[in-house]
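K.L.:
The following block contains the structure, expressed as structure tokens.
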Amino acid sequence: MVDWTDVVFGSAIKFSYSGTEYEGIFIHCDDDIVTVKLSNGYNLALQKDQINLVKIIRKAPENGEAVPQQKLAKDKIRNAGKKHVSLLATGGTIASKVDYKTGAVSPSEDIGFISDRVKDVEVSSETIDNILSENITPEKWIYMAGKIRDSLNRSDGCIVFHGTDTMSYSASAISFMFSDQTGPIVFVGSQRSSDRPSSDAFMNAEGAIHMATTDFGEVGIAMHRNLSDESISMHRAVRSRKMHTSRRDAFRSIGESEVGTYSHGSVRLLPPYRKTGVKNEIKQKLDPSVSMIYFYPSLSVEDFEGMVSKKKAVIIMGTGLGHVSHSLIPSITQATKEGTKILMTSQCLYGSVNLNVYSTGRDLIRAGIIPLRNMLPEVALVKAMYVLGNYAEEQFEEMMKENLRGEIIEREQALVFGGAD
Amino acid sequence: MGLRSRIKIGLEIHFQVSDGKLFCRCPTETSSNELFRFERRMIATTSEMGSMDRAAKYEMERNLLSEYVASENSCLVEYDEEPPHEVDRKALKAALIASLALNCKVLNNIFFMRKVVVDGSNTSGFQRTAIIAINGWVATSRGKVRISSVSLEEDSARLLENGDGRSIYSLDRLGIPLIEIATEPGIIDELHAVETAKAIGYFVQASGFSRMTVDAIRQDVNVSFGYGRVEIKGVQKLSLIPEVISYELSRQESLHDISEKSSQYLGFYREEPQVHDVTDMFRETGSKILLSNIRAGNRIYATTLRGMGGLMKSGKYRMGKELADLVRRYGIKGLFHSDELPGYGITQEEVDRLWSKMKKTDEDAVLLIACPTSLSEVLFIEIFSRMAKLLQMDLTETRFAADDGSTFFLRPMPGRERMYPETDVPILRISDETIHVMRNDVPLPMEETISMISRDYGLSSQDASVIVSTFRKAQLEELSSLYKHPKIVARFIMQTLPELEKKYGRKIEQHKLTRLFTIAGEKNWIREVLEKAADLMLSGGLDPDAVAGEEELSQLGEDELRNIMVKLLASSESETNERNIIARVKKETGRPFDAAQAMKVYKSLSKV
Ligand SMILES: [Zn+2]
């Protein structure tokens, strides 16, 4: 008597259901559902108590693979005399695939799918992590920075496969850590996993690789420019933001134009940008003792103080020009007296905070708050970690206000406000 | 003939469901407004089994650019810019009821799959589809036909234009729910196929929610004559089924003869076919097609097909068309073969030179193709492998039906590698109780419905039978509820409308028809006004509201009738009488009138 526990993924089986015998391929079995694939490709999820296993026709190899996975991965494509770009994979949708047993999308180490598309650049790849990007931590940024430095030391540019959810945070952290770099660092993700024929992963990676062959001496994020598989935008990491949950063109440059585009095989960079330097220099300390508070009407003093306590720095996302309720001002005053740095950004994302216009703002200044002009809240968060980690405490305010990597827009232009073009 | 005796026919019938799209809340109907366009390039990927589907690979190698026209009834879901929303409940219900009506076992867990389609007809590169029920049957006069499955899937984007390596699709149709019913290959012959399709169609239509437009019902015919299953997609009308099957039979008979004949010549495999670049031989050619290809930077390639002389196109032998179909899928139009040369501007002298260069004997054929260099390798590999496959009588493939009943090659038959799980849609659980409740909604058998219609609407049983078997029951019910003259409605939808649509070569959309009958009901139009209004809508391409205000539509009053008749009676040379008065009045006026009323007026006049 054969039992479902004896069957391995990929085995050809005969089973009976609803009075008829069928042949199919066994996929999965759990407490009450057996999943089988019919010869026409459909999976059926049948109640275990209604399906009978007649026999195993052909047993699949024990590793559970019916057919050996097609190995597209190539560690390296050699193109003599061509630019060399190193690819570091950290996980995310761009390097993920469907787990057919659980049905979930999970990270994959197979990043070779991209190699075939880029013939004019030599690409070498390395998987340095395998996570969904919501699980990123400052320690991982530090590790990532070291890996990127090593890659840049032996190639012309570096691209980083990363999940899109926190890609702006990671790219900003890397941006602050590199005070000089010999080649472009381009983060790239995708909004549609690469198992789908319509995936944006292929085009995004192709664009990122070409961006990484230029003299762009900063950290950028390369993603679809609009809904078409036609052009790729590169955004300055410290001005980028994921502004849509699902669209291919989810990433936007906030308050400034994109810094580069790729289409039909060629890259166009839009100055000003920092040119590549002569050495890779990183300050690889980050102090994670920073919190971020999104102010909202009814935010209680107690909750606010809970988020502030034991932090060295707190980024507030205030309303409008940078305001919070008057009820919080005593707590802010107390915290700054005790040495906690409290910094103000705006929920508006576009535009600068200005604490001189309304009385609340002036009271906040008196309470010791540091306004961060038009710096994006998430960028301010990782910048505070970077400044706390690498500079003396008395330099903190000055460094936070200084425009280190283009995170502050000095002259905001009128035409860059808005979403889709 | 031997082939015919081995006939096996199966059907896959698709019905659109009208209640909005399957995975978003966009409506089924839309205006013709274009919102914007975008472009995609599909990449074939490997399946859960780790291998690449040959149909998907084939489509990808064509590497077409797809351009999408966003219609008003489309949103981010159709653009593949947002994951699918919940399955539309009404569509699911319609599929469940149809399943029960077809005596199927409804599955307790509905599991959506992605069927990879990289020809661009789906923005995602796959079609979402789930089996709802399996293992049923439908009764026919020649016994039960087994139903293998009832599926619920999303319709594909509508092809607007195809050519130059680019396909343009409208998103108006993408995502409309389709109920697909697949039979086992147990259908006996062509007529039985038509009967089976009607029997299945009856139940689906009667289950409600079915869409009533031109392409709302589409058939795929699966047929085999012992040499592999051929799936013929897109058979638009039931009446085309016999033509499509007989076309396929004669095609397969011809291929069978070609296969035998070419093997007598020692065959196609005697030597590896060589491809030669012969562009230089045609620089001065009079052939417009070749010359324009050369000017566009394309090259002319030739290859000798051993043992294929006289089999490309002569008498019933048509290997040339098999290859032309294939290369056309790559956007290539310049294909010539030796059976049609000299011709098309290619002279005898050019042909002689070519034959001698290609060492062609009488047994051989030569193929001449103009195409871009980048495509030549993949194209010739496809040509040689298709020829080898056909000569071995492995005829399994997917074909497409043209309007005249002929068919052409579409792609290789997809394998199971083409499917993998749709992870964005959770498994839907259907409880036994839900199934039990739905049994109440299962439609009556056809005979009972016919007598019910006949009784409720006062129609003859013959008319009722036509209404039911041509899937117009729902339409009759809807329009009769708006305009309370069911006999006029029946005559209108069975006769008047089809005739007018044929006359003007265009169709009235369902929502406009609904509006027309709403107005007719409100204004209590007589039949003649209604018919005139439909005529005006079709002749002028007008909306019902615009037509309703037309002078031409206003019914003749009694005085006007009288005036016309007085004039007629006074002027006619031949006698005006009871039998010709109506026709004569019609000749005099373009406006509608009530014949009974006219007759009354005539009688009152002739009494005087
Ligand atoms: Zn939609």
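K.L.:
Name the residues whose placed amide hydrogens come within less than 5 Å of the amide hydrogen of A:S194, ignoring near sequence neighbours (fewer than 5 apart) on the same chain.
P.N.:
Residues meeting the criterion, in which the H sits 1.01 Å from N, are A:S96.
K.L.:
Given the Cα-Cα distance of B:D456 and B:S604 and 0.36 nm per residue of separation, how much length would full extension add, in nm?
P.N.:
The span from B:D456 to B:S604 would gain 49.6 nm if fully extended.
K.L.:
Hey, what angle do you get for helix A:377-390 against the long axis of chain A, alpha-carbon based, 0 to 90 degrees rounded to 10?
P.N.:
The angle comes out at about 70 degrees.
K.L.:
Eigenvalues of the Cα gyration tensor times 5, then square-rooted: what semi-axes does that give for chain B, in whole angstrom, largest first?
P.N.:
Details: eigenvalues 517, 224, 120 Å².
Values for chain B, descending: 51, 33, 24 Å.
K.L.:
At R0 = 30 Å, how high is the FRET efficiency between A:S246 and A:R268 if r is their beta carbon distance? Nearest 0.05 is fine.
P.N.:
0.65
K.L.:
In addition: Place a point 7 Å from Cα of A:K283 in the direction of its Cβ. Which residues in the range A:390-413 have their backbone N less than 13 Å from it?
P.N.:
Counting backbone N atoms under 13 Å from the label point, the list is A:390-405.
K.L.:
As an exercise, identify the trypsin sites (Lys or Arg not before Pro) in the range B:105-198 lying in DSSP coil whose Cβ has no more than 14 other Cβ atoms within 10 Å.
P.N.:
Those satisfying the criteria are B:R142.
K.L.:
Expressed as a whole percent, how much of the Cα-Cα distance distribution for the range A:4-58 exceeds 16 Å?
P.N.:
28 percent
K.L.:
What residues have an amide H closer than 5 Å to that of B:L11, excluding those fewer than 5 places away on the same chain, when H is modeled at 1.01 Å from N in the peptide plane?
P.N.:
Long-range HN contacts for B:L11: B:T183, B:N222.
K.L.:
Next question. Just to check, using Stokes-Einstein with a Kirkwood Rh over alpha carbon pairs, what's the diffusion coefficient of the range A:290-401 at 20 °C and 1.002 mPa s in µm²/s?
P.N.:
Working: Rh = 13.7 Å.
For the chosen part, D equals 157 µm²/s.
K.L.:
Something else: For B:E550 and B:K316, calculate 0.36 nm times their separation in residues minus their Cα-Cα distance, and state this gained length in nm to one decimal. Don't jump to the answer; show the numbers that get you there.
P.N.:
Numbers: separation 234, 0.36 × 234 = 84.24 nm, distance 5.64 nm.
Full extension from B:E550 to B:K316 adds 78.6 nm.
K.L.:
Another question, if that's okay. Rounded to the nearest 500 deg cm²/dmol, what is the calculated helix-only ellipticity per residue at 222 nm for chain A, with -39500 (n - 2.57) per DSSP H run of length n ≥ 4? Walk me through the numbers before you get to the answer.
P.N.:
On the way: 8 runs with 83 residues, N = 421.
Theoretical 222 nm ellipticity from helices: -6000 deg cm²/dmol.
K.L.:
Hey, another quick one. Considering every residue in B:503-515, what mean count of other chain Cβ atoms within 10 Å of its Cβ is obtained?
P.N.:
0
K.L.:
Same structure, new question: Counting Lys and Arg as +1 and Asp and Glu as -1, what is the net charge of the other residues whose Cβ lies under 15 Å from the Cβ of B:A490? Intermediate values should be presented prior to the final figure.
P.N.:
On the way: positive: B:R455, B:R472, B:K473, B:K484, B:K487, B:R491, B:R527; negative: B:D456, B:D463, B:E477, B:E478, B:E499, B:E531.
Neighbourhood net charge equals +1.
K.L.:
Take the alpha-carbon positions of the range B:263-395, form their convex hull, and give its projected area averaged over all directions (one quarter of the hull surface) in nm².
P.N.:
Details: hull surface 30.6 nm².
For the range B:263-395, averaging the hull's shadow over all directions gives 7.6 nm².
K.L.:
Among A:K285, A:K37, B:K567, which comes first, then next, by fewest other beta-carbon atoms within 10 Å?
P.N.:
So the ranking, lowest neighbour count to highest, is B:K567, A:K285, A:K37.
K.L.:
Please state, to two decimals, what the Cα-based radius of gyration of the range B:558-606 comes to when divided by 2.2 N^0.38 Å (N = residues).
P.N.:
0.99
K.L.:
Another question about this same structure. Run the simple label-point estimate for B:E558 and B:R6 please: 7 Å along Cα→C-beta, distance reported in nm.
P.N.:
Rounded to a tenth, the inter-label distance reads 7.7 nm.
K.L.:
Can you check what the Kirkwood hydrodynamic radius comes to for the range B:279-331, Cα pairs only, in Å to one decimal?
P.N.:
Kirkwood hydrodynamic radius for the range B:279-331: 13.0 Å.
K.L.:
Shielding by partners for A:39-52, please: the mean number of other protein chain Cβ atoms within 10 Å of each residue's Cβ.
P.N.:
For peptide A:39-52, the averaged partner shielding equals 6.
K.L.:
Highest mean first, how do B:552-564, A:361-373, A:268-280 rank when packing is the count of other Cβ atoms within 10 Å averaged over residues?
P.N.:
A:361-373, B:552-564, A:268-280
K.L.:
Can you give the three extents of the C-alpha atoms in the protein assembly as shown along their principal axes, from longest to shortest, in whole Å?
P.N.:
Result, largest extent first: 116, 84, 75 Å.
K.L.:
Mind listing P(r) for the range B:445-553? All alpha-carbon pairs, 5 Å bins, whole percents.
P.N.:
Calculated P(r), rounded to whole percents: 2, 13, 25, 22, 19, 11, 6, 2, 0, 0.
K.L.:
Would you kindly state how much longer the chain becomes between B:I188 and B:H85 on full extension, computed as 0.36 nm times their sequence separation minus their alpha carbon distance, in nm to one decimal?
P.N.:
Result for the pair: 32.9 nm of gain on full extension.
K.L.:
A further question on this structure: Considering only DSSP beta bridges whose two residues both sit in the protein assembly as shown, what percent are antiparallel, to the nearest 5?
P.N.:
The antiparallel proportion sits near 75 percent.
K.L.:
For the range A:207-335, what ratio Rg/Rh do Cα atoms give with a Kirkwood hydrodynamic radius?
P.N.:
Expressed as Rg/Rh, it is 1.11.
K.L.:
Using the basic label-point model (7 angstrom from Cα toward the beta carbon), what is the B:S356 to A:R117 distance in nanometres?
P.N.:
Distance between label points: 5.2 nm.
K.L.:
Based solely on C-alpha atoms, express the radius of gyration and the Dmax of the range B:83-238 in angstrom.
P.N.:
16.2, 49
K.L.:
Given points 7 Å out from each Cα along the Cα-Cβ axis, report the B:L444 to B:E260 separation in nanometres with one decimal.
P.N.:
Distance between label points: 5.5 nm.
K.L.:
Using only the alpha carbons, work out the radius of gyration and Dmax of chain A in angstrom.
P.N.:
When restricted to the Cα atoms of chain A, Rg and Dmax are 25.7, 82 Å.
No lab work stands behind these numbers, since they all come straight from the coordinates. Predicted model only: the values in this text are computed from it and were never measured. Using ideal geometry, Cβ is built from the backbone for each residue, glycine included, and neighbour counts are taken over all protein chains shown.
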